[in-house]
């Protein structure tokens, strides 16, 4: 019985957040995620299919950029370039 009340409360809360255009709304977050281009999705490690589906796959691939871009960024940040 408690779980059904919790579910109803969660749905009402999400509806209120969505209608208020709150950045905490999962629906608004999903909408913004779907609007990102492929390069931005790759930056955060999400494929376009996962963004459209709204959940990660169990065998989510690693970023195609590898660690070279991360290493370059961290070296530049340590050098004060960023």
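Which one of the conditions (1) modelled with pLDDT of 80 or more; (2) assigned to a helix (DSSP H, G or I) does residue 70 fail to meet, given that it meets all the rest?
Every condition holds for residue 70 apart from (1).
How many residues are in a loop (DSSP other than H, G, I, E, B) and surrounded by fewer than 10 Cβ atoms within 10 Å (Cβ to Cβ) if we restrict to the stretch 2-48? Full working, then the answer.
Narrowing the stretch 2-48 to residues in a loop (DSSP other than H, G, I, E, B): 20-25, 35-37, 45-47.
Going one step further and asking which of them are surrounded by fewer than 10 Cβ atoms within 10 Å (Cβ to Cβ), we end up with 21, 23, 35, 37.
Residues in the stretch 2-48 being in a loop (DSSP other than H, G, I, E, B) and surrounded by fewer than 10 Cβ atoms within 10 Å (Cβ to Cβ): 4 in total.
The values are calculated or read from the model by the stated rules, or taken from the named source; none is laboratory data. Quantities reported herein were computed from a predicted structural model and do not represent experimental measurements. When we count neighbours, we look across all protein chains shown, and the Cβ atoms used for this are built from the backbone with ideal geometry, even at glycine.
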